[in-house]
Structure formats: C-alpha cells, structure tokens
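I have placed the structure first, in the form of structure tokens, so that the comments after it can refer back to it.
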Amino acid sequence: MSDNKAALSAFRKEVAAWMAENVPADPGFLLPLTFLEVGTEQQLDFLREWQHKLWSAGYLGMHWPTEYGGQGADPAYQYVVDKELGKHRAPIIFNTIGLNWVGPLLLDMGTDNEKAQYIKNILSGEEIWCQGFSEPDHGSDLGAVQTRAVRDGDDYVVNGSKIWTTLGNYADHMILLARTNPQAERKYDGLSFFLSPMKIDGVEAHPIRKVTGEYGFNQTFFTDARIPASCLMGEDGGGWRVAMKTLEYERGVTAGQASGYWGLTIQVDDMIDALSKFEHDGEPLLSDPIVRDDLVGFIMESKALTLCGRRMAVPALNSDYPMGLALSVKYRGTEYERRMKQYTASKQGAQSALYVGDANAVSGGFWQRAYFSNFGATIGGGTTQVQANIIAEHVLGLPK
C-alpha cells in the first residue's frame, strides 16, 4: 500500500470514529432531504450548528487554502469525509450555494479582499448565500435577464425580481446577475455580476410552498434597492463570463466545491432494502421476475454513473467532448434518482398514495417525499430538457 493510500485509510478510520460520536441524533422534527427544503428557523438553527461543528473539526472545505478557513489538503480527503457523511446518514450541509458555487468562484476569480471577506464565513455557516439568476419570465433563458441595476454614484440601484432563490429568506448575500446596459448590442454584454447584500431596504424574499408542502424556494423582489458599487464582481458588463463559470460549479463540470454532501444520499441499496420488505399477492416482492429485472437495470445504471464520475477525474478520457461527461452525469443522475424514488414508492400498493404525516404511510412517507423533492434537482442548474439541449448542441454539435 502506498503512503498516500495508507494515509487515506487511516484518515477514513479517524473520520468514521468522529462521525459515530458526533453525528446528531434525530432531533424530533422533520429535517430537509436536501438544501432545497430548508423552510423553518428550527431546521436552519439545527443545520447551521451542525455545519459549524463539522467545519470546526476540520472536515469541511478541506482542500481550500488555510488562510480562508480550509485545511489545504488534497481533495481526496474531502471525498472521504463526504462518503462517511453518507454512510452515517448525517444531516445535510445546508449552505450549499456558498460552499459549492460562491466559494469556488471566489477562489478562482475573486480578489484577495473578496476572498478574505466572504470565504471563511461561508465555511463556518455564519453567512448564508443564495443565487439570483432565474427570473419569473426568463427562467431558462439566462441571457434575457431583465432585473436592472443602474449606477448612481457609489451605488447601484436595483429593480426587478428573481425566482427559485433557495434560502433567499435566510440569506445574507446573493450572487446576483442584473442588466446594467440595456443598449448593449449583444444581450449577454449588458449583464453584470454582483455579490449583493440581502438584508437591506428594498429587498424582500417571499417563500414559495412546494408540492411537498415544504418551503425553501423564494421569489425575491428588488425595489429601488441600493447596493454598493464595490459589490460588483469583475467588470461592469462582464457578468456573463462570471455567471458561466458559476454554472460550471453548479452543474458539477468544474471541481473545487467544499463538499458534495448537499442532500441525503439515497442509493440503489436503499431501494433494494425497502423493496425487500414488501409483498405482492402474499409473496415477497423481490421474488417477482419483472421486479428483479427492473432492479438489475437500476443497479447497472447506478454503476455506470459511478464509473462516469470516476472518468471525469481523468483528463485523457474527457478530451473528445470537453465537459460532456460532467454535463451528462448531472442530466442522467438526477433523472435516475427521480425514477428510482418513484419506482420504490409505486411498489407500496395502496399505501403509495399516503404521505408524510399519515400514520399508515410506509417509512413515514419517506419515498414519496424523496420523489417529489427530487424535482428540485431536475430543475436546478438547468432543467433536464435544457441540459439535454446543451449536451446535444454544444457537446455533440447537433443542430438546434
């Protein structure tokens, strides 16, 4: 065994022991399955404390520079931590937009002052971030953003609204894409990117109730909100480039995220375990040859996605279609999880129709809730349909 493998093996044991002792017990209230469902102050306080504890132990953003609160370690160490979080069914790490999009973006493109100001507080959970890209009438056409930011002295005055702003009602900051030059010849050239404060006059986030009955998304309104010009990231009119780099992190195309544990990990083994407890016409469900054939298909697809994830880390295997693997893993992975959760819920017979809160719901309605929650993943970072178009046009070179 090489020194590196030996070190990782020893580290895995260390982390497993820490998790066994420190992963909090069931708090007695419903915890979010993903960062998209944080909808109460009770959930927020619990998850903020958990994130701070994990970071204080040195297990969050491990490969980020030490001067900004990281450990300066090899990314493999964070991967070990994330795997152990999943094994121990730990609560999610909620500040995902800050940890996985804003932080890597700042490390890549931010100034020294921006890094010093924001990154450590992102890791510790002291400051929460949200994203202001999509708009009610231009959700998938990001270049058509209409929210305006007009320069006025040392400020920009912002008017407009954003939709699907996850954690927006709790956030301290927003990565905001706004139009600063409506006369630009190309619509992409008139956009600017801001690290905008949220807790100021003229900014209101209104929570949106989802099909699960939970909250998490918001519509955010800007009404003559004044944000300091110093919040501009990059150049005025240069926001499109910064936004595209952000989406590379959001879609998993580019590495650098503080942690991949933004949602409760549900594996094919969990599905098999659940189905093994079901019966059909008095016989174990898993004795049905059609069900067994379906499960083999899910297992094969799960293995293929795992191998694609490993291939992403090998540059020589990504040369034909740059970013193609990462984009396809996001597209196929979220759809695979949706189908897996739907399949498990559908095999519960009449109890398939029961939900969280019903005393007769199987596993407390876990699979139904997981299925409905999964739609957030098939929409966020580019809907399944938009993602398929990107792959077809920009990776495979097919016509529109």
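Where a number appears in this text, it was derived from the coordinates with a stated rule and is not lab data. Predicted model only: the values in this text are computed from it and were never measured. Every residue, glycine among them, receives a Cβ derived from its backbone with ideal geometry; neighbour counts consider all protein chains shown.
Structure remark: mean-square fluctuation, Gaussian network model of the chain, C-alpha springs under 10 Å; the largest value among THR34, THR306, THR96 belongs to THR306.
Dipole check for the range 130-248: with +1 at the C-beta of Lys and Arg, -1 at the C-beta of Asp and Glu, and the Cα centre as origin, the magnitude is about 240 Debye. Between GLN387, GLN183, GLN43, the Gaussian network model of the chain with springs among Cα atoms under 10 angstrom shows the greatest mean-square fluctuation at GLN183. Convex hull over the Cα atoms of the chain, averaged projected area in nm²? Its Cα hull, projected and averaged over all orientations, spans 22.2 nm². Each of the peptides 162-171, 366-375, 145-154 was scored by the mean count of other Cβ atoms within 10 Å over its residues; in descending order, highest first, they stand as 162-171, 366-375, 145-154. Per-residue Karplus couplings for the range 204-216, computed as 6.51 cos²θ - 1.76 cosθ + 1.60 with θ equal to phi - 60°, are listed in order as 10, 10, 10, x, 10, 7, 9, 4, 6, x, 9, 10, x Hz, Gly and Pro entered as x. Toward the positive end of the charge dipole of the chain, with +1 on the Cβ of Lys and Arg and -1 on the Cβ of Asp and Glu, the farthest Cα among MET340, GLN183, VAL145 is that of MET340.
Result for the chain in a Gaussian network model with C-alpha springs under 10 Å: among GLY190, GLY309, GLY256, the largest mean-square fluctuation is at GLY309. Extension gain, HIS88 to LYS187, is 30.9 nm, computed as 0.36 nm per intervening residue step minus the present C-alpha separation. Expressed as an acute angle from 0 to 90° and rounded to the nearest 10, what is the orientation of the C-alpha long axis of helix 75-87 relative to the principal long axis of the chain? On a 0 to 90 degree scale, this one is about 50.
Sorting the segments 48-60, 18-30 by their residues' average number of neighbouring beta-carbon atoms within 10 angstrom, most packed first, yields 48-60, 18-30. Considering only GLY72, GLN117, ALA6, and ranking their Cα positions along the charge dipole of the range 3-127 that arises from unit charges at the beta-carbon of Lys, Arg, Asp and Glu, the one farthest toward the positive end is ALA6.
Each label point was placed 7 Å from the Cα along the Cα-to-Cβ direction; for GLN71 and THR111 their separation is 3.3 nm. Pairwise Cα distances in the range 196-243 exceed 15 Å in 61 percent of cases.
Tell me the label-point distance for the pair SER56, TYR79, using the 7 Å Cα-to-Cβ offset, in nm and rounded to one decimal. My value for the distance between the label points is 3.0 nm. In terms of other Cβ atoms within 10 Å, ILE122, ILE128 run from fewest to most in the order ILE128, ILE122.
Our summary gives the range 266-395 a relative contact order of 21 percent, counting only alpha carbon pairs under 8 angstrom and 6 or more residues apart. Each of the peptides 203-216, 321-334 was scored by the mean count of other Cβ atoms within 10 Å over its residues; in descending order, highest first, they stand as 321-334, 203-216.
Sequence neighbours fewer than 8 away in the same chain don't count; with that in mind, list the lysines whose C-alpha is under 22 Å from LYS162. Result set, ordered by chain and number: LYS187, LYS199, LYS210, LYS245. Cα centroids of the range 1-71 and the range 189-266: 23 Å apart. Within straight-line reach of LYS83, meaning a Cα separation under 21 Å, sit the following lysines at least 8 residues removed in sequence or on another chain: LYS5, LYS13, LYS53, LYS303, LYS330, LYS341.
The residue among TYR59, ILE299, LEU31 whose Cα reaches farthest toward the positive pole of the charge dipole of the chain, with charges on the beta-carbon of Lys, Arg, Asp and Glu, is ILE299.
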